[in-house]
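Input: a single structure, listed below in structure tokens.
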Amino acid sequence: MSRMSFDFRYLLLPAAVLFIYIQMRLFTTQSEYADRLASAVESESHCTSQMKLLIDQISSQQGKIVALEEERKRREDECKELKSLVEDLRRKGLQKVVTEVQPPVAAVVIMACNRADYLERTVESVLKHQSSVASKFPLFVSQDGSHPDVKSKALSYSQLVYMQHLDSEPVHTERPGELIAYYKIARHYKWALDQLFYQHNFNQVIILEDDMEIAPDFFEYFEAAAALLEKDKSIMAVSSWNDNGQKQFVHDPYALYRSDFFPGLGWMLSKGTWDELSPKWPKAYPKFTYWDDWLRLEENHKGRQFVRPEVCRTYNFGEVGSSLGQFFKQYLEPIKLNDVKVNWMSMDLSYLMKDKYPKHFAEIVRKAKLVRGKDAVLKAFNIVGDVRIQYQDEDEFANIARQFGIFEEWKDGVPRTAYKGVVVFRHQTSRRVFLVSPDSLRQLEILDA
């Protein structure tokens with residue numbers, strides 16, 4: 001029995017060695033697993049980062065693709081518009097609107113709004129005399145607003161270019177009772193003139209309204225006057241209108257005058273003048289409601305003058321309109337529209353230049369017979385030849401004007417049609433009547449009165 005007994009203590013040493021070996025293998029395996037796990041996590045993180053970068057690149061490329069697509073569409077739209085414009089110009093025969101050989105004298109724009117029947121009458125009158133000089137005077141219609149009949153009527157003419165002014169800005173009048181229409185007209189004028197001078201690049205523009213007929217020599221008159229406008233910077237504009245152009249007050253279709261009073265109603269101005277006026281043109285809150293009266297202010301015309309005819313080259317038939325027929329029966333309906341075909345290009349108009357006209361006009365006034373006294377108007381009826389009647393102030397002028405039937409109105413200290421305070425008109429015959437202020441004689445250096 002004693003031989004078979006075994007001391008288990010001898011087994012503890014191998015067991016301990018085996019345990020330590022197993023623990024070391026386990027530790028090594030765990031370390032390897034941890035390293036592999038860390039590597040896997042790092043790989044996953046890198047993969048996630050690369051995926052996000054790829055997604056960002058795809059998004060960026062998609063944005064560029066969208067932008068390029070929008071740019072492509074915009075360019076296609078522009079090409080379509082240009083093709084449409086070219087086709088329109090080709091169809092209307094206006095390829096020569098601007099040429100290097102012979103630039104146009106002036107663009108002619110008819111300002112329209114909501115009177116399709118009036119517009120038709122005006123366009124027909126213009127085309128009657130414009131067709132032979134279309135390259136010199138390209139025709140435009142500018143409509144304020146979206147009246148469908150006016151737009152349709154304008155687009156029915158192949159001989160003109162249509163423009164449309166759409167203005168949604170509300171109008172607030174400065175004083176109670178004022179007509180909103182006058183504010184809208186002022187905005188429309190600025191927009192149309194900006195278009196013609198700055199987009200179409202014309203040097204001169206003739207402005208008509210949609211209730212006017214023109215005389216047979218309308219275009220020849222403005223062609224000759226354009227040379228004056230270019231040479232003499234003291235001329236602010238050229239007009240086809242005479243406020244005192246009623247049948248009983250006119251006689252000579254060849255007579256032209258300078259005036260300190262802006263006539264309007266068919267007038268031409270240059271780009272240089274518009275460069276000055278456009279930035280300060282009266283807008284929605286003008287100090288002076290009506291743009292034409294604004295032009296009559298000294299601060300705007302700055303002493304420059306206007307050329308006008310004795311016999312009107314435009315006739316205003318607009319009894320119905322924004323002015324509500326004001327003065328139509330008394331002053332507009334009786335206007336004499338010239339019916340004589342004057343060859344203006346063969347005439348010497350140099351007498352209208354600033355350095356010659358004062359002396360030219362003073363000589364005519366000086367020769368007129370001076371009539372004095374309270375009954376001067378009555379005396380004038382019985383005198384053969386030109387007559388000169390002197391007035392002392394605005395009230396006396398109004399009294400004399402009322403007796404003859406001419407305009408009594410003044411604007412900014414200037415009577416209608418006046419040159420240096422002198423208002424001239426015919427009376428019944430070829431006899432001229434000059435209404436003259438004391439200061440007129442001084443300015444004209446008439447010392448023998």
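The values are calculated or read from the model by the stated rules, or taken from the named source; none is laboratory data. Remember, predicted model here, so these are calculated numbers, not experimental data. Note that each Cβ is placed from the backbone with ideal geometry, even for glycine, and that neighbours are counted across all protein chains shown. What goes into the accessible areas is simple: the full protein's heavy atoms, side chains included, and nothing from ligands, DNA or RNA. Shrake-Rupley method; radii C 1.70, N 1.55, O 1.52, S 1.80 Å.
What the table below lists for this structure:
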item	result
Cβ-Cβ FRET estimate between residue 447 and residue 168, R0 fixed at 60 Å, reported to 0.05	0.50
Radius 12 Å from Cβ of residue 215, net charge of other residues (Lys, Arg +1; Asp, Glu -1)	0
Rounded tilt (10° steps) of 9-92 against the dominant C-alpha axis of the chain	20
Cut-off 17 Å, label 7 Å out along Cα→Cβ of residue 132, residues of segment 212-229 by amide N	214-224
Accessible area expressed per residue, segment 207-316, with surrounding protein chains retained (probe 1.4 Å, Å²)	29
Listed pairs 302/336; 280/336; 271/359; 271/302; 341/411; 153/271 exceeding 25 Å between Cα atoms	302/336; 280/336; 271/359; 341/411; 153/271
Exposed-loop-free span, longest in the chain, where chymotrypsin sites (Phe, Trp or Tyr not before Pro) count as exposed if DSSP calls them loop and at most 14 other C-beta atoms lie within 10 Å	9-253
Residues of segment 378-394 with amide N under 18 Å of the 7 Å Cα→Cβ point at residue 364	385-390
Label zone at residue 159, where the point sits 7 Å out along the Cα-to-Cβ direction: segment 222-250 residues whose backbone N lies under 18 Å	222-223
Inter-label distance for residue 41 and residue 54, nm, one decimal - labels placed 7 Å from Cα along Cα-to-Cβ	2.4
Overall Cα dimensions of segment 343-449, principal axis frame, Å, largest first	42, 32, 28
Label corresponding to mean projected area of the Cα convex hull in nm² when calculated from the structure given, among [x] 42.3; [y] 36.2; [z] 19.3	[x]
Percent carbon-and-sulfur accessible area, the chain, ignoring ligands, DNA and RNA, probe 1.4 Å	55
